[in-house]
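Below is a structure I'd like to ask you about.
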Amino acid sequence: MSGPHDTDVAIVGAGVVGCAIARELTRFELRVTLLEAGPDVGAGTSKANTALLHTGFDAKPGTLEARLVARGYELLGEYADRVGIPVERTGALLVAWNDEQLAELPGIAERARANGTNDLREVGVDELYRREPHLGSGARGAIEVPGEGLVCPFTTPLAYATEAVLAGCDLRRSAPVVSASRIEAGGFRLELPGGALTARYLVNAAGLGSDELDHMLGHDRFTVTPRRGELIVFDKLSRPLVSHILLAVPTKVTKGVLIAPTVFGNVMLGPTAEDVQRKDDTESTRAGLDYLWAEGARIMPELLEHEVTAVYAGLRAATEHSDYQLGVHAPEGYACVGGIRSTGLSASMAIAEHVRDELGAAGMPLEPSAAAAPEFRMPNIGEAFERPYERRDLIERDPDYGRVVCFCERVTRGEIRDALEAPVPATDLDGLRRRTRAHMGRCQGFFCGAELAERLGSA
Amino acid sequence: MTVLVLGGGPAGLAAAVELRRHGVPGVLVVEREAEAGGIPRHARHQGFGLRDLRRPLSGPAYARRYAELASSAGAELRSETMVTGWPLDGPLELTGPRGRETIEPDAVILATGCRERPRSARLVPGSRPEGVMTTGTLQQLVYLKGRKAGTRALIVGAEHVSFSALLTLAHGGARTVGMVTELPRHQSLALFRAGATVRWRAPLWTRSAVTAIHGRPRVEEVELTDLDTGRARSIACDTVVFTADWIPDHELAVMGGLELDPGTRGPRVDAALRTSRPGVFAAGNLLHGAETADVAALSGRHAAANLRQGSDPFLRVVEGWPGARVPVEVESPLHWIAPNAVAPGAGVPPRGRFALRSREFARRPRIEIAQDGRTLWSGHVGRLVPGRSARLPHDWTAAVDPAGSPVRVRLASRG
């Protein structure tokens, strides 16, 4: 497709959803521009979440979210294997701690069946403690959800963005949309710090900022109220304590605090759920950490004897609506992808499909790309798969893969170099961390901080 | 006979020198950094080497000296090499630029040192900006990489190392706006404290905690809370250095299945520095929070001497290993004791003493050591200062019942 516009499709927001849409649309004869206000892809809400690959068993049946999570689960699971996104299918145990919660389990199983998740199973107290012997005392029973798993929240958006860029997507980072308007003759005009960009089609995947962009275009459908979730990540030495994702029985307000392994081999405790005012308020709080500590003491007291490796907070882009806010304005060619909450990671590829179809129905030509799909594989940063330092052949070919720079996470000099030279290269320490795991370990830079700063050329 | 020394800092290198001096043929020191020498490599101040080399050296000179001593003694030094596997039964696995290899040594001396707890492990809430670091990172930035360390810095902690951080910040062009400790007073030397006030005009805020860090992308302010009044105030700064609060780097110890002591969080060792795993010794700051480099080196030397002594023929390393040991445990406010096990034939501990640490100050403490209600020793020791070791005699170990309960060490009175 070509025309009077600078680009055919502009996607605003390179979080996991925006990146998935960019990846999907670059498979067609379309000029795609992906705009990100922040310094990197996947560096906002997408990097600070519980990183679970959800089956969607607990979604509200019949909603768009329920449908897209279930579909996205299948798509991402398959894609992850293909391009090297770490996934671990640990299964989840949803644990009841009192009579009231125990009474809720059948209802949860029923809802799961309505969502097409049919392999749930009730687990008695004895079996529960046999499978999770470090669980705190007082559990009354559980439901097993075998399909739930862990997925790398860092590699996923990076993989999408990498494929998109390899297929010709124009990715612009640190490119916030200052204002947006419709062009009389059709299409959109976006004001960016470096000048204007015109696009025939516009996708709003701006996450926390999606309501503001929507308002700029004259709509008034929803308001994003950031809901902060704080998380505590424990030292890798605690990993043997936990085998499954340990979910809580949800209340009307929250899904509760969970304990889960991470694909990096840590154990995570969280999240909290608190509405905040500012869209950049990713600060952890004393109250939040104290609350998580108390919950941890109840769910798995032994976990708290381990060192804490990291504390972080993320913001869910919650709206006043309970479902995703996906709407396509056919005549003008505008797709609004708002209100994507914590399930967005699992649903991302299905959301992209959905947006593709809706835009196609709105007249966007979907001519498959003449070029072959890019061949690529993401560097593995998952603990369950082979890492470069473990590969004899790789080290033989290039000794830098045997030079461990980040000791805690066993990241080699070769991987640091690769991340700085990748199709979507790291530009700062956080970007390097998300691509390689460097600096995310127990010493938090005591040993490698200065070395990494030097390699990045900033301190 | 091959002895594998894991860690090429003062303890590991001193152990290697001592092993060679005793004629152990194969001594391999494995160091994961590019250069051997450990923490002193980037601690530029003077005062290293007093107790072990009997001469004052700067940290980097001391580190170089030890690497030379080990090499010239005939130990093989392999840097940029990391132990990436140590199963309970089977060879160790090394990874480095030469590739992956396995090694089955006759004995191991584990000397992997310690590190400071970072901000996250101390659960300090707030944002996650740049400019928050430990002394280790700070020293490497300034001394090894020649980089700036911000302009206005707050130092968390008031131990020896905290004052070292102050000097490093000054060298890196940053002004220290203050030092903060939750304790009622500093834990270092009066001279350092006076120097901080007079020379660097850095106030010391005692009984104060860092309760939040704010700023983005770099630190802008830190919230301090007075622990007595509960009043909070804000300190403007762009750098926060978390000092001390040491934790042994015990990952390998755990991987190797060694029993840890809950107080030190390092391997539990007897006076000969033998761990729970036959053939494996542990030495230096892996055994507990940081002591000075020369003390760590003497600990390495001690482990090496015991290894050699107990291994003639060398197979005795394993055969003479104590089956049962009696743990030595401390009661709060005591923090840890090292060594922390009593075993037959262990002999005299390093430097002829047990090192004892407390979480609280005590001017003229009386310590009581007992087993199964029987007092083994009771007496006064030197002043207790958190972060600094008091010296405890060792002759009571002869009276320990090898079949009895753990030995308990408690603070009977503060004097």
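The values are calculated or read from the model by the stated rules, or taken from the named source; none is laboratory data. Quantities reported herein were computed from a predicted structural model and do not represent experimental measurements. Quick reminder, even Gly has a Cβ in these numbers, built from the backbone with ideal geometry, and neighbours come from all protein chains shown.
Among the candidates B:117, B:122, B:193, single out the residue that is out of contact with any Ser or Thr (no Cβ under 9 Å at 6 or more places or on another chain), surrounded by fewer than 24 Cβ atoms within 10 Å (Cβ to Cβ), within 30 Å of residue B:264 (Cβ to Cβ) and modelled with pLDDT of 95 or more.
Numbers: B:117 fails: out of contact with any Ser or Thr (no Cβ under 9 Å at 6 or more places or on another chain); B:193 fails: modelled with pLDDT of 95 or more.
Just a single option satisfies the conditions, and that option is B:122.
Is it fair to say residue B:94 is in a helix (DSSP H, G or I) and surrounded by 15 or more Cβ atoms within 10 Å (Cβ to Cβ)?
Numbers: in a helix (DSSP H, G or I): no; surrounded by 15 or more Cβ atoms within 10 Å (Cβ to Cβ): yes.
Judged against the criteria, residue B:94 is not a match.
If you scan region A:413-451, which residues turn out to be within 25 Å of the chain's Cα centre (by Cα), closer than 22 Å to residue B:83 by Cα and more than 9 Å from chain B (Cβ to nearest Cβ)?
Across region A:413-451, the qualifying residues are A:415, A:416, A:436, A:437, A:438, A:439, A:440, A:441.
For residue B:102, state whether it is facing another protein chain (nearest Cβ under 9 Å), modelled with pLDDT of 95 or more and surrounded by fewer than 22 Cβ atoms within 10 Å (Cβ to Cβ). Before the answer, list the steps.
Numbers: facing another protein chain (nearest Cβ under 9 Å): no; modelled with pLDDT of 95 or more: yes; surrounded by fewer than 22 Cβ atoms within 10 Å (Cβ to Cβ): yes.
So residue B:102 fails the test.
Additional query: Residue B:254 versus (1) assigned to a helix (DSSP H, G or I); (2) within 24 Å of the chain's Cα centre (by Cα); (3) within 24 Å of residue B:383 (Cβ to Cβ); (4) among the hydrophobic types (A, V, I, L, M, F, W, C): which is the lone unmet condition?
Evaluating residue B:254 over (1) assigned to a helix (DSSP H, G or I); (2) within 24 Å of the chain's Cα centre (by Cα); (3) within 24 Å of residue B:383 (Cβ to Cβ); (4) among the hydrophobic types (A, V, I, L, M, F, W, C) leaves (3) as the failure.
Return a yes/no flag: does region A:313-334 have any residue that is touching a Phe, Trp or Tyr at 6+ places or on another chain (Cβ under 9 Å), in a loop (DSSP other than H, G, I, E, B) and within 12 Å of chain B (Cβ to nearest Cβ). Don't jump to the end; show me each part of the working.
Here is the first cut: in region A:313-334, the residues touching a Phe, Trp or Tyr at 6+ places or on another chain (Cβ under 9 Å) are A:319-321, A:325, A:327-328, A:332-334.
Next, from what is left, pick out any that are in a loop (DSSP other than H, G, I, E, B): A:319-321, A:332-333.
Keeping just the survivors that are within 12 Å of chain B (Cβ to nearest Cβ) gives none.
No - not one qualifying residue is present in region A:313-334.
Quick check on this structure: which one of A:365, A:379 is in a loop (DSSP other than H, G, I, E, B), more than 27 Å from the chain's Cα centre (by Cα), surrounded by fewer than 23 Cβ atoms within 10 Å (Cβ to Cβ) and at pLDDT 95 or above? Show your work before the answer.
Working: A:379 fails: more than 27 Å from the chain's Cα centre (by Cα).
After ruling out the rest, the residue left standing is A:365.
Return the pair list, or none, for Cβ contacts closer than 9 Å from residues in region A:388-401 that are more than 7 Å from every other protein chain (Cβ to nearest Cβ) to residues that are hydroxyl-bearing (Ser, Thr, Tyr) and assigned to a helix (DSSP H, G or I), at least 6 apart or on different chains.
If the second residue must be hydroxyl-bearing (Ser, Thr, Tyr) and assigned to a helix (DSSP H, G or I), the pairs left are A:388/A:401; A:391/A:401; A:394/A:401; A:401/A:389.
Table: residues versus (1) part of a loop (DSSP other than H, G, I, E, B); (2) more than 24 Å from residue B:290 (Cα to Cα).
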position: B:327; (1), (2): no, no
position: B:336; (1), (2): no, no
position: B:345; (1), (2): yes, yes
position: B:348; (1), (2): yes, no
position: B:351; (1), (2): no, no
position: B:360; (1), (2): yes, no
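Just checking, which of B:338, B:355, B:390, B:305 is surrounded by 19 or more Cβ atoms within 10 Å (Cβ to Cβ), free of Cβ contacts under 8 Å to residues at least 40 places away in the same chain and under 30 Å from residue B:13 (Cβ atoms)? Outline the logic, then answer.
On the way: B:338 fails: free of Cβ contacts under 8 Å to residues at least 40 places away in the same chain; B:355 fails: free of Cβ contacts under 8 Å to residues at least 40 places away in the same chain; B:305 fails: free of Cβ contacts under 8 Å to residues at least 40 places away in the same chain.
Answer to the check: B:390.
What is the one condition in (1) in contact (Cβ under 8 Å) with a residue 60 or more places away in the chain; (2) at positive phi that residue A:206 does not satisfy?
(2)
If you don't mind, another one. From the list A:84, A:91, A:107, which residue is surrounded by fewer than 21 Cβ atoms within 10 Å (Cβ to Cβ), over 14 Å from residue A:244 (Cα atoms) and in contact (Cβ under 8 Å) with a residue 60 or more places away in the chain? Full working, then the answer.
Details: A:91 fails: over 14 Å from residue A:244 (Cα atoms); A:107 fails: in contact (Cβ under 8 Å) with a residue 60 or more places away in the chain.
The conditions single out A:84.
Is there a residue being within 14 Å of chain A (Cβ to nearest Cβ), in contact with a strand residue (DSSP E or B) (Cβ under 9 Å, 6 or more places away or on another chain) and not hydrophobic (A, V, I, L, M, F, W, C) anywhere in region B:186-205?
The initial filter retains those residues of region B:186-205 that are within 14 Å of chain A (Cβ to nearest Cβ), namely none.
No, every residue in region B:186-205 fails to be within 14 Å of chain A (Cβ to nearest Cβ), in contact with a strand residue (DSSP E or B) (Cβ under 9 Å, 6 or more places away or on another chain) and not hydrophobic (A, V, I, L, M, F, W, C).
Same structure again: Considering only residues that are out of contact with any Asp or Glu (no Cβ under 6 Å at 6 or more places or on another chain) and either outside the structural domain of residue A:135 (by TED's automatic domain parsing) or not in a helix (DSSP H, G or I) (or both), look in region A:289-309 and name the one that is farthest from residue B:264 (Cα to Cα). Even if it seems obvious, please write down each step before you answer.
Narrowing region A:289-309 to residues out of contact with any Asp or Glu (no Cβ under 6 Å at 6 or more places or on another chain): A:289-305, A:308.
Then keep just the ones that are either outside the structural domain of residue A:135 (by TED's automatic domain parsing) or not in a helix (DSSP H, G or I) (or both); that gives A:300, A:308.
On the way: A:300: 23, A:308: 17 Å.
Looking at the filtered set, the residue picked out is A:300.
Evaluate region B:217-230: report whether one residue or more is among the basic types (Lys, Arg) and free of Cβ contacts under 8 Å to residues at least 12 places away in the same chain. So that I can check it myself, show each step before the final result.
The first filter runs over region B:217-230 and keeps only residues among the basic types (Lys, Arg), leaving B:218.
Filter once more, so that each one left must be free of Cβ contacts under 8 Å to residues at least 12 places away in the same chain: none.
Within region B:217-230 (the criterion being among the basic types (Lys, Arg) and free of Cβ contacts under 8 Å to residues at least 12 places away in the same chain), the answer is no, since none of the residues qualifies.
Using the structure shown, decide if residue A:394 is assigned to a helix (DSSP H, G or I) and closer than 30 Å to residue A:32 by Cα. Let's see the steps before the verdict.
Numbers: assigned to a helix (DSSP H, G or I): yes; closer than 30 Å to residue A:32 by Cα: no.
Criteria not met by residue A:394.
If I go through region A:278-292 residue by residue, how many of them are free of Cβ contacts under 8 Å to residues at least 40 places away in the same chain and either surrounded by 14 or more Cβ atoms within 10 Å (Cβ to Cβ) or more than 19 Å from residue B:213 (Cα to Cα) (or both)?
To start, the set of residues in region A:278-292 that are free of Cβ contacts under 8 Å to residues at least 40 places away in the same chain comprises A:280, A:283, A:286-287, A:290-291.
Subsequent filtering for residues that are either surrounded by 14 or more Cβ atoms within 10 Å (Cβ to Cβ) or more than 19 Å from residue B:213 (Cα to Cα) (or both) retains A:283, A:286, A:291.
Counting residues in region A:278-292 that are free of Cβ contacts under 8 Å to residues at least 40 places away in the same chain and either surrounded by 14 or more Cβ atoms within 10 Å (Cβ to Cβ) or more than 19 Å from residue B:213 (Cα to Cα) (or both) gives 3.
Let me ask something additional. Within region B:107-164, which strands (runs of 3 or more DSSP E) (wholly inside it) include 2 or more residues that are within 9 Å of chain A (Cβ to nearest Cβ)?
Ranges flagged: B:114-116, B:132-134.
Just name the residue that is nearest to residue A:360 (Cα to Cα) out of those in region A:162-214 that are within 26 Å of the chain's Cα centre (by Cα) and among the basic types (Lys, Arg).
Going through the qualifying residues, I end up with A:172.
Would you pick out the residues in region A:30-72 that are in a helix (DSSP H, G or I), touching a Leu at 6+ places or on another chain (Cβ under 9 Å) and more than 23 Å from residue A:265 (Cβ to Cβ)? Give the steps one after another, and end with the answer.
Residues of region A:30-72 in a helix (DSSP H, G or I): A:45-47, A:64-72.
Now restrict to residues that are touching a Leu at 6+ places or on another chain (Cβ under 9 Å): A:45-46, A:64, A:68, A:72.
Within region A:30-72, A:45, A:64, A:68, A:72 meet the criteria.
When you go through B:212, B:272, B:232 one by one, which is the residue that is farther than 18 Å from residue B:116 by Cα, more than 10 Å from chain A (Cβ to nearest Cβ), among the aliphatic types (A, V, I, L, M) and surrounded by fewer than 22 Cβ atoms within 10 Å (Cβ to Cβ)?
Values: B:212 fails: more than 10 Å from chain A (Cβ to nearest Cβ); B:272 fails: surrounded by fewer than 22 Cβ atoms within 10 Å (Cβ to Cβ).
Unique residue meeting the criteria: B:232.
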